[in-house]
Amino acid sequence: MSLKSHFLSALEGTNRLHPPVWLMRQAGRYLPEYRTLRERHTFLDLCYDAELITKVTLLPIRRYPLDAAIFFADILLPLKALNIPFHFEEKIGPVVENNLDFDHLPTVDAAHYKHQFSFQTQAIHALKKELKVPLIGFAGAPFTLAAYILEGGSSHHFEKTKLFAYNHPKKFAALLDVLADLVRQTLLHQIDAGVDAVQVFDTHLNQLSPFEVRHFILPVLKKVFHKLPVPAILFAKGSHAALLSEVKPTALSVDWTIDMRRLRSEFPTMPLQGNLDPVVLLSGKENIVKQTKHLIEALPNDPAYIFNLGHGILPGTPPESVDVLLDTIHSCYPAAL
Ligand code: CP3
């Protein structure tokens, strides 16, 4: 079986080799090669140049035996298509300007989007020529994007977002609906260009109650995931897995607060992805081996399991820790099952 079909076969529930592995934020600041590039380019420079996108996407693939590449970009880039200004500040992170007029919300124009993001098409074409493993495209989910817009950036308690949802439920739902169109456009654009699978990041969904998830989130996620032409993974922090399965993603990706054994018994056949705590990779070799084996043993010989972290790899991760992680996974599966 070729490496390429390894990740995709787990998404079909038919994997017979070791669980495929990739890591959220695998092309990021923990890599010395990435930090060297960042001395010469801003983060957004890297995101807007086809050659640099290609180069950065390939950095972790050149260094480690990973089973999938993730296209280098950011969940905020598509906001450009709605004329919502944003930038990244060193040591602070994203800063987003909420310039929305809720009586006249912007709409997404597919042809304009394709033109505006044609550099991504070029990068995806170049990557498909270069890669022997599948390429994953991605987008932020409508709620996570709405939270960045309404908070103006990262947040601890998400008061602005929640108060807006409580006080203006119709406007909040209308914003999520516009963002659902944007997210779908983002994914279809990457799929047309050639990505093999996509992942939607609803990172901040752990901020909402089950009632709010059912009321506000399920309808828009259903719109985003409806009949996408490639396998589509839904990542969310928190414990809304049962509700999110109603969206019918190909796979669910969960954080480390979820017991994988229990999740598997709840969903006997659904492809699952996750969920090592990224902080484990900051600890010593002994703990990395122990925790990785513990996770592998929770889903033994599972044909529908993809190994990943429960959230993005942390910038302070020693690059050698990823070698320890990958060696441990591979040593649990010495041969084809
Ligand atoms: O996974 C990958 O390697 C692909 C690239 C990728 C990035 N961001 C690159 C990035 C992906 C998939 C993302 C997703 C993303 N971006 C999410 C969802 C997943 C998650 O981590 O929650 C979110 C919420 C964002 C928004 C964002 N972008 C934040 C909050 C930050 C700052 C975070 C920090 O640690 O400073 C970014 C910047 C960012 N996105 C970096 C990278 C490599 C660091 C930029 C730098 O070089 O300084």
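Here are the numbers:
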item	result
Residue check for Ala193: more than 16 Å from the chain's Cα centre (by Cα) and within 30 Å of Phe7 (Cβ to Cβ)	yes
Qualifying helices (runs of 4 or more DSSP H) (wholly inside region 102-184; at least 3 residues being within 15 Å of Val220 (Cβ to Cβ) and modelled with pLDDT of 95 or more)	142-151
Criterion violated by Ala236 - all others in (1) in contact with a strand residue (DSSP E or B) (Cβ under 6 Å, 6 or more places away or on another chain); (2) over 30 Å from Ala173 (Cα atoms) satisfied	(2)
Top-ranked residue of region 156-207 - restricted to ones that are more than 16 Å from the ligand (Cβ to nearest atom) and of a type in the set (Asp, Glu), ranked as surrounded by the most Cβ atoms within 10 Å (Cβ to Cβ)	Asp181
Meets criteria (open to solvent by 40 Å² or more (accessible area, probe 1.4 Å) and touching a helix residue (DSSP H, G or I) at 6+ places or on another chain (Cβ under 8 Å)) for His18	no
Subset tally (residues that are aromatic (Phe, Trp, Tyr) and within 25 Å of Gln122 (Cβ to Cβ)) for region 194-247	1
Condition met for His330 (closer than 23 Å to Leu8 by Cβ and either open to solvent by 10 Å² or more (accessible area, probe 1.4 Å) or assigned to a helix (DSSP H, G or I) (or both))	yes
Per-region count, region 316-327, residues buried (at least 18 other Cβ atoms within 10 Å of the Cβ) and in a loop (DSSP other than H, G, I, E, B)	1
Residues (among the hydroxyl-bearing types (Ser, Thr, Tyr) and surrounded by fewer than 20 Cβ atoms within 10 Å (Cβ to Cβ)) located in region 251-267	Thr257, Ser265
Region 90-101, residues that are modelled with pLDDT of 95 or more, farther than 15 Å from Thr144 by Cβ and either within 10 Å of the ligand (Cβ to nearest atom) or in contact with a strand residue (DSSP E or B) (Cβ under 6 Å, 6 or more places away or on another chain) (or both)	Val95
Filter result (more than 9 Å from the ligand (Cβ to nearest atom) and assigned to a helix (DSSP H, G or I)) within region 8-36	Leu8, Ser9, Ala10, Leu11, Glu12, Pro32, Glu33, Thr36
Some residue of region 298-315 being over 27 Å from Pro134 (Cα atoms) and either open to solvent by 40 Å² or more (accessible area, probe 1.4 Å) or modelled with pLDDT of 95 or more (or both)	no
Output for region 268-297, where each listed residue is β-branched (Val, Ile, Thr), farther than 18 Å from Ser253 by Cα and open to solvent by less than 10 Å² (accessible area, probe 1.4 Å)	Ile288
Residues being away from the ligand (no atom under 16 Å from the Cβ) and either farther than 16 Å from Met24 by Cβ or within 18 Å of the chain's Cα centre (by Cα) (or both) - total across region 295-328	16
Residue tally, condition under 20 Å from Gln199 (Cα atoms) and not polar (S, T, N, Q), over region 127-167	19
Residue match in region 232-245 (condition: within 24 Å of Pro134 (Cα to Cα), open to solvent by 30 Å² or more (accessible area, probe 1.4 Å) and in contact with a helix residue (DSSP H, G or I) (Cβ under 6 Å, 6 or more places away or on another chain))	no
Lone qualifier among Asp67, Asp74 - being in a loop (DSSP other than H, G, I, E, B), touching a strand residue (DSSP E or B) at 6+ places or on another chain (Cβ under 7 Å) and at pLDDT 95 or above	Asp67
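The values are calculated or read from the model by the stated rules, or taken from the named source; none is laboratory data. This is a predicted model, so every value here is computed, not measured. All Cβ positions, even for glycine, are placed from backbone atoms using ideal geometry, and neighbour counts span all protein chains on display. Surface areas here come from the heavy atoms of the whole protein model, side chains and all, with no ligands, DNA or RNA. Shrake-Rupley method; radii C 1.70, N 1.55, O 1.52, S 1.80 Å.
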